[in-house]
1. Do you know which of the residues in segment B:223-234 that are in contact (Cβ under 8 Å) with a residue 24 or more places away in the chain and not acidic (Asp, Glu) is nearest to B:Ala315 (Cα to Cα)?
2. Working only within segment B:107-133, note down all residues that are more than 14 Å from chain A (Cβ to nearest Cβ), open to solvent by 10 Å² or more (accessible area, probe 1.4 Å) and either under 15 Å from B:Trp145 (Cα atoms) or of a type outside the set (Gly, Ala, Ser) (or both).
3. Out of B:Leu165, B:Leu140, B:Leu155, I need the residue that is within 30 Å of B:Val255 (Cα to Cα), within 14 Å of chain A (Cβ to nearest Cβ) and crowded, with 17+ Cβ neighbours inside 10 Å. Which one?
4. Determine whether segment B:235-253 contains at least one residue that is closer than 24 Å to B:Tyr295 by Cα and either at pLDDT 95 or above or part of a loop (DSSP other than H, G, I, E, B) (or both).
5. Report the residue count in segment A:250-264 for those that are open to solvent by less than 20 Å² (accessible area, probe 1.4 Å) and either hydrophobic (A, V, I, L, M, F, W, C) or at the interface with another protein chain (Cβ under 8 Å from one of its Cβ atoms) (or both).
6. Take A:Ala159 and tell me if it is open to solvent by 20 Å² or more (accessible area, probe 1.4 Å) and either of a type outside the set (Val, Ile, Thr) or more than 26 Å from A:Leu131 (Cβ to Cβ) (or both).
7. Filter segment B:86-106 down to the residues that are open to solvent by 10 Å² or more (accessible area, probe 1.4 Å) and assigned to a helix (DSSP H, G or I), then identify the one that is farthest from the other protein chains (Cβ to nearest Cβ).
8. Is it true that some residue in segment B:140-158 is free of Cβ contacts under 8 Å to residues at least 40 places away in the same chain and out of contact with any helix residue (DSSP H, G or I) (no Cβ under 7 Å at 6 or more places or on another chain)?
Amino acid sequence: MDPAVSNLGLWGIPLAVLGGALRVSAPFLFVSLGECITEKAGRVNLGLEGTLVMGAMAGYGVSYLTGSPWLGVLGAAGVGSAFGALHGWLCGRPRVNDVAVGIALMLFGVGLAFYLGKPLIQPTAPRLPALPLGNFSDIPQVRSALAVNALFLLGVLAAPVLRWALARTSWGLVLRTVGESAEAARAMGYDVGWVRFWATVAGGALAGVGGSFLSLFYPGSYNEGLSSGQGLMAVALVIFARWDPVRCLYASLLFGGATALGPALQSVGITSGYYLFNAAPYALTLFIMVLSSSNERASADQPAELIVAR
Amino acid sequence: MTASAPLALEPPGKSWAQRILPAALRWCEGLLPTLMALGITVLAFGAFVALAGHNPLEVYAEMYRGAFGTWFSFQNSLLRAAPLMLTGLCTALPARLGLMVIGGEGALVVGGMAAAASAAALRGAPPSLVIAGMMLGSMLAGGVWIGAAGALRALRGVNETIGSLLLSYIGIALFNHLVEGPFRDPASLNKPSTPPIGEANMLGNLPGLDVHVGLAFGILACIACHVLMEHTVFGFSARVVGGNPRAARLSGLRVPSLIIITCAIAGSAAGLAGMVEVAAIHGNANASLMAGYGYAGILVAFLARHNTIAILPVALLLGGINASGGLLQRTFGLPDAAVSVLQGIAFVVLLASETYRGRLRLSRAPS
């Protein structure tokens, strides 16, 4: 992070956390929106961590080969949908457990990305541009904190659009029906497996886009330590956001801020607990899960066909 | 649970062969989907390396050589199988209660750290005492870690899969904090490590082998867990919970404590794996502990269908595959992640094969 932040004294901390939140939250946002779609249809994809890493690798590779970072985003979405399709197809078989398949695809995706990504660690691919939203200010730290990526803004827009689509459009209704009661959906003549398959594909595509953000904007290069559980935290975050896309957005910003805490403190010279602060987002996730889970009853907003939050 | 159970239902007066054969066939049927999955995995990974421009037959021959081909490589595989047995238990035991715990990597890491800390606390004590202290400390730490995931599940309904993995990340962050800061040996310059546990306190080799005692720990732990799950009231209760949690609750079983205790035992197995790595391989706790044994243990448990005895051969197989990774890298220039790809394919295909379980028949269906 920018060492100049320290000139602002302790005010640099909230500023760095804010800037970090705007930068770091995008992967959380895209993965959680994707998982939201999948879970609304009554299925859990725990493999989005693997999809995220695959998306980061594919986005970086396509951007490097074509010279266009936006084609990279598209490629990441394509790879993400392929992983979603694999998950959706496998879970459509009888007696195949979706949580277990998610774990398997998490390990498979990470392994495959590491394998295919070996040649991508050295070269530099063109990155996504940033929009300088902080130009009203003369302070360079404010400017750098508010240099927001266009892809992130797309995600911010996608959240209310998705909420509206789930609530008000016919396909949103079908999706929710399948998630609330497969029998009712079947009685109405909808193919439950088909809807869930496409919900998983869409979720995978969004997670892939989230991965491309990691490699093409922030941190902005490809390496094997790129994702450390963001994909999985995003799945937990959906439970916390009670399956509402707009609340997913707020939760993503919160998580982004928590992730940025360690580097922000480091930037003002507090380095002693740096590695400990890396645990902040995980601890926050766990804390929030404890608060938002209950042994007695399922949350009223939870799709009834869903088993993960049981 | 076991395939031989229906044997008692056979009418009397049948010959020995008539009794054994159907049971054996049924046992093979249970194995069939797994073997089929392994076969498909071999084909799929073969296609994968062929796409990468290598002859799959040569790659497999080399893998066999690197895993089991020589006495040296076989012992190397055994070395890698030892922690896999223990981390496999970390997923397999909770699975018997219907829980999917995947935080073995974190339990291993905190176990390794606790072992190093115990050795430091017992500095100067006789080696047997230090080793016992390291074992106890590591099992306690790992047990607390996964036990906490179980407690969150049992008491608060927090999903144990996500919870255990989050705890695992927290454990790794804590480990990095300690090894980079308060508990760092100032003498470790390039690779931050804890102070060495001392040459005298290292685990020795098994008699006649170049394999450390940790292998015996792994085997004994698997056998002990088998006895616990199959031949005790506790294990029976746990399996009832796994089969039907509602029935278990209605019949008065204390489901929360069963969950917490089983998870704690599972975690202490993974913690012990960390102690084995510290006390037999590295001599101190450092980042090399995070070699992926915890994640590979998930696959071990699923391949063994959460049967604690079946973990033994499966861990040897995967240990062999891991051991051959270095040779593949040297001979073919395949990245070390090739082994992860192979394991990932195996995992996905294995779960897909579940759909054929019970539908592949070698014998006539029992009437």
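1. B:Ile223
2. Of everything in segment B:107-133, those that are more than 14 Å from chain A (Cβ to nearest Cβ), open to solvent by 10 Å² or more (accessible area, probe 1.4 Å) and either under 15 Å from B:Trp145 (Cα atoms) or of a type outside the set (Gly, Ala, Ser) (or both) turn out to be B:Ala114, B:Leu122, B:Arg123, B:Pro126, B:Pro127, B:Leu129, B:Ile131.
3. Just a single option satisfies the conditions, and that option is B:Leu165.
4. no
5. Counting residues in segment A:250-264 that are open to solvent by less than 20 Å² (accessible area, probe 1.4 Å) and either hydrophobic (A, V, I, L, M, F, W, C) or at the interface with another protein chain (Cβ under 8 Å from one of its Cβ atoms) (or both) gives 5.
6. no
7. So, considering only residues that are open to solvent by 10 Å² or more (accessible area, probe 1.4 Å) and assigned to a helix (DSSP H, G or I), the one farthest from the other protein chains (Cβ to nearest Cβ) is B:Arg96.
8. Yes: one or more hits.
The values are calculated or read from the model by the stated rules, or taken from the named source; none is laboratory data. Please read these numbers as outputs of a predicted model, since none were measured by experiment. Neighbour counts run over all protein chains shown; Cβ positions are idealised from the backbone, glycine included. Just the protein is used for accessible areas: all its heavy atoms, side chains included, with ligands, DNA and RNA removed. Shrake-Rupley method; radii C 1.70, N 1.55, O 1.52, S 1.80 Å.
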